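Read through the structure below, which is laid out as structure tokens, and then see the notes.
The values are calculated or read from the model by the stated rules, or taken from the named source; none is laboratory data. Small disclaimer: the values here were computed from a predicted structure and weren't measured. A quick note on method: Cβ atoms are made from the backbone with ideal geometry, for glycine too, and the neighbour counts reach across all protein chains shown.
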Amino acid sequence: MTEVLSPLTVDDAIALLVEHDEAMPLAGGATLIAMRNASLVEPSHLVSLDRIAELRGIDRTADGTIRIGAMTRHCDTAACAELTGSLHVLRRAAGMIANRVVRNMGTMGGAVANADPAADYLPALACCDATLEIAGPEGRRSLSIHDYVDDWYETALGEGEIITAIMLPAPVEAPSAYRKIARVSGDYATASCAMALDPDGQGLRVAIGACGPGPLRDRAGEDALRGKLHDPAALAEFAGRLVALADPVDDVRGSAEYRLRLIPRLVASVLSELAPQKETA
Amino acid sequence: MMVKKVLHSLTLNGEEVQVATAAGATLLQTLREDLRILSSKRGCNQGVCGACTVLVDGTPVRACLTLTARCEGHAVQTMEGMDGDRVMATLQRHMVQSGGVQCGFCTGGVLISARDLLEADPTPSREAVKTALSGNICRCTGYRTIVDAVCGAAEELSQ
Ligand SMILES: Cc1cc2nc3c(=O)[nH]c(=O)nc-3n(C[C@H](O)[C@H](O)[C@H](O)COP(=O)(O)OP(=O)(O)OC[C@H]3O[C@@H](n4cnc5c(N)ncnc54)[C@H](O)[C@@H]3O)c2cc1C
Ligand code: FES
Ligand code: FES
């Protein structure tokens, strides 16, 4: 028997999570209710976040930063016209989650909190250098997406804490893309790649999904690759560094070895989409 | 065990209803067990098969992943409430004609997903139909006849 509570403010939601030991926050329910139906979790209370105004909507702040409320559904992110240029990658990732019906339900906050290694938002957010806004019993804090995943399904979210928003740096005019290798349309990724070019076209940012507990990002490697995007040896070295960072599993979606082989191919193919090599005269 | 029941008010197929349902029940449970609305099927109870798909405020969702408590004050629509809907009637006719229905277990969910696609994209490609229906699993037809039906209905409706 689960009691459903529907607080109107973030403070009330946190108070309820603290008050009831076995309470869990409920966002879209796409994962949590499925788990409850399978008796994998048995929360005494579900603290529904859907009536909290602060968690809704996508807004552009005065300095151009984009704030995505935690309760924003995948379908709204996939249709958001503010997510251009360097942030287009996030819009693309949202549109590749599951199918139309599930995208009407799931939220960005819920997907980030769930931290499924094969899910789509974390690599896209790592590529965008996103920041999470978190509220909890000790107050509010911001956390870089790069410091968020601790281990398989383990995150830096503490007891009674909820994600309130995802903050993205102002979009710049530079192409970005998301590619997902999956067995069928709508499945979780076997491996995925989020990539954004620098505005001058000389460098890139890359995050690989589904090849470890969290997205793989090698910022030192990216720096070393600047100016050499079309140098095959430099690119191979960069991809090799990502492979070395990877810690994939064998599962129904593919073997660990297969995933390791996908990484360099994904990087090369998404790069050729974003920065087609020009014919040299 | 005594099941604690909670009273909820919602609009079901255009009518205000009050329903006493188990605390924390899913919409699928409430529809089938308390309201005897049987078009929404329980296939997987995991959000995967699509057989339970219904509309909440006009948007298709999985009834098995939706809590009834969250539907308080919202409008739920199921196949039982689709009589008189032109797009739905056309889809149904094409499903029958093309052999898109065999056991029928998946059919309600397929039709609701297909109607939603045609509202967003009245002239979808075959590929777009397949993608839109990728969340509706059918164990009988092999899908081709379903895709034929949706494409046929789209063609007729856009004339
Ligand atoms: C059939 C199916 C296919 C799917 N395919 C994909 C896919 O291809 N790619 C993909 O990325 N995902 C996929 N998903 C997952 C989907 O994106 C979910 O929506 C997502 O994982 C959970 O989001 P939610 O809003 O439904 O969260 P919920 O299910 O409500 O919650 C998930 C967890 O997060 C906690 N939580 C929720 N919100 C917050 C918050 N704001 N702060 C702190 N904790 C919170 C909950 O307590 C729970 O533990 C799929 C799901 C289904 C059912
Ligand atoms: S029963 Fe809801 S999706 Fe299968
Ligand atoms: S007709 Fe039997 S499952 Fe689709």
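Being surrounded by 18 or more Cβ atoms within 10 Å (Cβ to Cβ), closer than 20 Å to B:Arg42 by Cα and not hydroxyl-bearing (Ser, Thr, Tyr) is true for just one of B:Val110, B:Val150. Which residue is that?
Residue meeting the stated conditions: B:Val110.
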task = Output yes when any residue across the range B:62-77 is within 14 Å of another protein chain (Cβ to nearest Cβ) and of a type in the set (Asp, Glu), and no when none is.
result = yes
request  = Evaluate the following for B:Val150: is it farther than 21 Å from B:Cys64 by Cβ, in contact with a Pro (Cβ under 9 Å, 6 or more places away or on another chain) and not assigned by TED's automatic domain parsing to the domain that holds B:Gly47?
outcome  = yes
Those residues of the range B:93-123 which are away from chain A (no Cβ under 14 Å), within 16 Å of ligand 3 (Cβ to nearest atom) and free of Cβ contacts under 8 Å to residues at least 40 places away in the same chain, in sequence order = B:Val96, B:Gln102, B:Cys103, B:Gly104, B:Thr107
query = Taking the range B:134-157 as the region of interest, how many residues are touching a residue at least 24 places away in the same chain (Cβ under 8 Å) and within 12 Å of another protein chain (Cβ to nearest Cβ)?
reply = 3
ask   = When the residues of the range B:120-139 are filtered to those that are surrounded by fewer than 16 Cβ atoms within 10 Å (Cβ to Cβ) and more than 20 Å from B:Val87 (Cβ to Cβ), which remaining residue is farthest from ligand 1 (Cβ to nearest atom)?
value = B:Glu127
query = Is there a residue in the range A:122-130 that is out of contact with any strand residue (DSSP E or B) (no Cβ under 7 Å at 6 or more places or on another chain) and of a type in the set (A, V, I, L, M)?
reply = no
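Out of B:Leu67, B:Leu31, B:Leu38, B:Leu12, report the one residue that is under 16 Å from A:Arg36 (Cα atoms) and outside the structural domain of B:Ile146 (by TED's automatic domain parsing).
B:Leu67
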Single condition B:Arg144 does not satisfy, out of (1) of a type outside the set (S, T, N, Q); (2) more than 16 Å from ligand 2 (Cβ to nearest atom); (3) within 17 Å of B:Gln92 (Cβ to Cβ) = (3)
ask   = Any idea which of (1) touching a Ser or Thr at 6+ places or on another chain (Cβ under 6 Å); (2) within 14 Å of ligand 2 (Cβ to nearest atom); (3) on the phi > 0 side of the Ramachandran plot is the one B:Val54 doesn't satisfy?
value = (3)
message = I'd like to know if the range A:31-49 contains one or more residues that are within 14 Å of chain B (Cβ to nearest Cβ) and under 30 Å from A:Glu273 (Cβ atoms).
response = no
ask   = Name the residues in the range B:30-51 that are at the interface with chain A (Cβ under 10 Å from one of its Cβ atoms) and buried (at least 22 other Cβ atoms within 10 Å of the Cβ), would you?
value = B:Gly47, B:Gly50
ask   = Do the conditions hold for A:Ile52, that is, is it at pLDDT 95 or above, more than 20 Å from A:Ile134 (Cα to Cα) and within 14 Å of chain B (Cβ to nearest Cβ)?
value = no
query = Among (1) out of contact with any Cys (no Cβ under 7 Å at 6 or more places or on another chain); (2) touching a residue at least 24 places away in the same chain (Cβ under 8 Å); (3) more than 16 Å from ligand 2 (Cβ to nearest atom), which single condition is B:Arg126 missing?
reply = (1)
key: Test result for B:Ala89, away from every other protein chain (no Cβ under 11 Å), in contact (Cβ under 8 Å) with a residue 40 or more places away in the chain, surrounded by fewer than 20 Cβ atoms within 10 Å (Cβ to Cβ) and more than 15 Å from ligand 1 (Cβ to nearest atom)   = no
request  = Restrict the check to the range B:14-29 and report whether at least one residue is more than 15 Å from the chain's Cα centre (by Cα), surrounded by fewer than 23 Cβ atoms within 10 Å (Cβ to Cβ), within 10 Å of chain A (Cβ to nearest Cβ) and not in a loop (DSSP other than H, G, I, E, B).
outcome  = yes
remark   = Taking first residues from the range B:25-51 that are in contact (Cβ under 8 Å) with a residue 60 or more places away in the chain and second residues anywhere that are among the aromatic types (Phe, Trp, Tyr) and within 16 Å of ligand 3 (Cβ to nearest atom), the pairs with Cβ under 8 Å that are 6 or more apart or on different chains are B:Lys41/B:Phe105; B:Gly43/B:Phe105; B:Ala51/B:Phe105
inquiry  = Suppose we filter the range A:55-73 for residues that are at pLDDT 95 or above and of a type in the set (Asp, Glu); how many remain?
reply    = 1
query = away from chain B (no Cβ under 14 Å) and in contact with a Pro (Cβ under 8 Å, 6 or more places away or on another chain): does that describe A:Gly64?
reply = yes
